[in-house]
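Below is one structure, written out as structure tokens, with a few remarks after it.
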Amino acid sequence: MKKIMYFAVLLAALAACSKPARKDFHLTGVHDLVVSHNGENALFGIEANPEDAWTLTSDADWFTVEQSFGNGDGSRGKGDAVFLLLSGRWIMNEVRTGTITVTGPTGSFTKTMTQTPKPVPDAPLQLKGSIPFTGNESKISLPEGYWVRAESSEAWLEVVLCQEGELTVKAGPNPVADQGREAVVHIYLSDGTRLADVVITQNAEKDPAPVD
């Protein structure tokens, strides 16, 4: 009888040792996921027991969530999983954030996704352009990576187009035959920060008379 009890205890001990260790449901990877304005991918995961069911939701539409490992469809599943977050380029001069929430057997856990804007020059850039005295359009290259708007300092100079990387201005003929004119186009970012000052000159039909 003692031998039977001994073997029963031994079998129970072996069975207990053969069971996989239980996992505490949690998210893996760094807590805050930060990507640059150029758009990058980020990874995080779920560590869970095979039977642990989870759901995933996001409060942002500027990145997508793709499940790259595990039993699930990206929004719900069971057990371990790995997710890839994909973001596009960001040209606004402000930080944007989004939150991913994963709810499992022990509650909800979150990851914050942050995308930072392109750094801004310490001082407004000084750019130049010109228009012939007969009038025409002029295109000036602007820095890439920024959402921009433009304001002309003079009524005679019209802003035709202002977009990422490009400014187009237009003017009619210079009405003063012997005197050039000048206007400044201020380029602003989405938050009102001045990115650049573009000096546009229009020459005269003929050079002014020399001064004695």
When Val160 is evaluated against the numbered criteria (1) in a strand (DSSP E or B); (2) touching a Leu at 6+ places or on another chain (Cβ under 6 Å), which criterion, by number, is the only one it fails? (2)
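When the residues of the stretch 106-134 are filtered to those that are part of a strand (DSSP E or B) and more than 29 Å from the chain's Cα centre (by Cα), which remaining residue is surrounded by the fewest Cβ atoms within 10 Å (Cβ to Cβ)?
Only one residue tops the list, namely Gly107.
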Log entry, pairs with first residue in the stretch 183-199 being over 21 Å from Pro132 (Cα atoms) and modelled with pLDDT of 95 or more, second being among the aromatic types (Phe, Trp, Tyr) and open to solvent by 40 Å² or more (accessible area, probe 1.4 Å), beta carbons closer than 6 Å, six or more apart or on different chains, reads Ser190/Trp147; Arg194/Tyr188
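Does Asp178 satisfy the criteria of being part of a loop (DSSP other than H, G, I, E, B), within 22 Å of Pro117 (Cβ to Cβ) and open to solvent by 10 Å² or more (accessible area, probe 1.4 Å)? First the steps, then the outcome.
Details: part of a loop (DSSP other than H, G, I, E, B): yes; within 22 Å of Pro117 (Cβ to Cβ): no; open to solvent by 10 Å² or more (accessible area, probe 1.4 Å): yes.
The answer is no for Asp178.
Out of curiosity, is Val211 modelled with pLDDT under 95 and β-branched (Val, Ile, Thr)? Break it down stepwise before answering.
Values: modelled with pLDDT under 95: yes; β-branched (Val, Ile, Thr): yes.
When the stated conditions are applied, Val211 passes them.
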If you take the residues of the stretch 65-105 that are within 29 Å of Leu195 (Cα to Cα), small (Gly, Ala, Ser) and in a strand (DSSP E or B), which of them is least open to solvent (accessible area, probe 1.4 Å)? Gly98
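Name the one entry in Ala8, Ala21, Ala12 that is assigned to a loop (DSSP other than H, G, I, E, B) and modelled with pLDDT under 90.
Just one listed residue meets the conditions, Ala21.
Here's a check for you: in the stretch 95-108, which residue that is touching a strand residue (DSSP E or B) at 6+ places or on another chain (Cβ under 9 Å) and not β-branched (Val, Ile, Thr) is farthest from His37 (Cα to Cα)? Explain how you work it out, then say what you get.
Our first condition is that a residue be touching a strand residue (DSSP E or B) at 6+ places or on another chain (Cβ under 9 Å); within the stretch 95-108, this holds for 95-106, 108.
Okay, now just the ones that are also not β-branched (Val, Ile, Thr), so 96, 98, 104-105, 108.
Working: Arg96: 10, Gly98: 15, Gly104: 32, Pro105: 36, Ser108: 29 Å.
That would be Pro105.
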Determine which single condition Val34 fails, assuming it passes every other condition in (1) within 15 Å of Thr97 (Cβ to Cβ); (2) outside any strand (DSSP E or B); (3) open to solvent by 60 Å² or more (accessible area, probe 1.4 Å). (2)
For the stretch 38-49, name all the residues that are farther than 30 Å from Glu144 by Cβ and loosely packed, with under 13 Cβ neighbours inside 10 Å. none
Could you please tell me which pairs satisfy a Cβ distance under 7 Å, a separation of 6+ or placement on different chains, a first residue in the stretch 66-85 that is touching a residue at least 40 places away in the same chain (Cβ under 8 Å), and a second residue that is among the acidic types (Asp, Glu) and open to solvent by 60 Å² or more (accessible area, probe 1.4 Å)? Phe83/Glu66; Leu84/Glu66
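Which ones in the stretch 50-64 are open to solvent by 40 Å² or more (accessible area, probe 1.4 Å) and either within 20 Å of Pro105 (Cα to Cα) or part of a strand (DSSP E or B) (or both)?
So the first thing to find is which residues in the stretch 50-64 are open to solvent by 40 Å² or more (accessible area, probe 1.4 Å), and the list is 50-51, 53, 55, 57-59, 61, 64.
Answer for the stretch 50-64, where residues must be open to solvent by 40 Å² or more (accessible area, probe 1.4 Å) and either within 20 Å of Pro105 (Cα to Cα) or part of a strand (DSSP E or B) (or both): Pro50, Glu51, Ala53, Thr55, Thr57, Ser58, Thr64.
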What pairs come up if the first residue lies in the stretch 118-143 and is hydroxyl-bearing (Ser, Thr, Tyr), the second is outside any strand (DSSP E or B), and their beta carbons are under 6 Å apart, counting only those six or more places apart or on different chains? Thr134/Pro173
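The values are calculated or read from the model by the stated rules, or taken from the named source; none is laboratory data. It should be emphasised that the depicted structure is a prediction, and the values quoted were computed from it without experimental measurement. Note that each Cβ is placed from the backbone with ideal geometry, even for glycine, and that neighbours are counted across all protein chains shown. The area values use the complete protein model at the heavy-atom level, side chains included, leaving out ligands, DNA and RNA. Shrake-Rupley method; radii C 1.70, N 1.55, O 1.52, S 1.80 Å.
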